[in-house]
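To start, the structure under review is shown below, and the notes come after it.
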Amino acid sequence: MRAGSPKKRTGGWLRVDIDLSEAGELMRKFGFVMCADDPVESYGHRDRLGNLRRVHARYPAGWRSTLVLRLNGNAKLSQTLKTDIPLVSA
């Protein structure tokens, strides 16, 4: 690419806000059972065709979950618990 010519963006996912109840319903549908409440924060990513590909949710008890939706219909759910446990030194 020559100096001064504009870069052409050809890809990337768009970050979108997702309704809290919709995110909670999606997480429960795919197996998130650590908290029955809806998340307090959620957002997702859509691909260039507008397909929802990733959903992130944060729950009030410290749980965080990420749902990855693949185009072939498979999904991967990961969940973590964020705690403030002090490290014990030996």
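The values are calculated or read from the model by the stated rules, or taken from the named source; none is laboratory data. The structure displayed is predicted, hence computed values, not measured ones. Please note: Cβ atoms are built from the backbone with ideal geometry, for glycine as well, and neighbour counts cover all protein chains shown. Surface areas here come from the heavy atoms of the whole protein model, side chains and all, with no ligands, DNA or RNA. Shrake-Rupley method; radii C 1.70, N 1.55, O 1.52, S 1.80 Å.
See the values below:
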quantity: Close pairs (7 angstrom Cβ cut-off, 6 or more residues apart or separate chains): under 20 Å from Asn74 (Cβ atoms) in region 26-37, open to solvent by 30 Å² or more (accessible area, probe 1.4 Å) and not in a helix (DSSP H, G or I) anywhere; calculated: Phe30/Ala75; Phe30/Leu77; Gly31/Leu77; Phe32/Leu77; Phe32/Gln79
quantity: Tally, over region 45-90, of residues that are aliphatic (A, V, I, L, M) and not in a loop (DSSP other than H, G, I, E, B); calculated: 9
quantity: Unique residue being open to solvent by 80 Å² or more (accessible area, probe 1.4 Å), on the phi < 0 side of the Ramachandran plot and touching a His at 6+ places or on another chain (Cβ under 7 Å) when the list is Arg28, Arg58, Arg15; calculated: Arg15
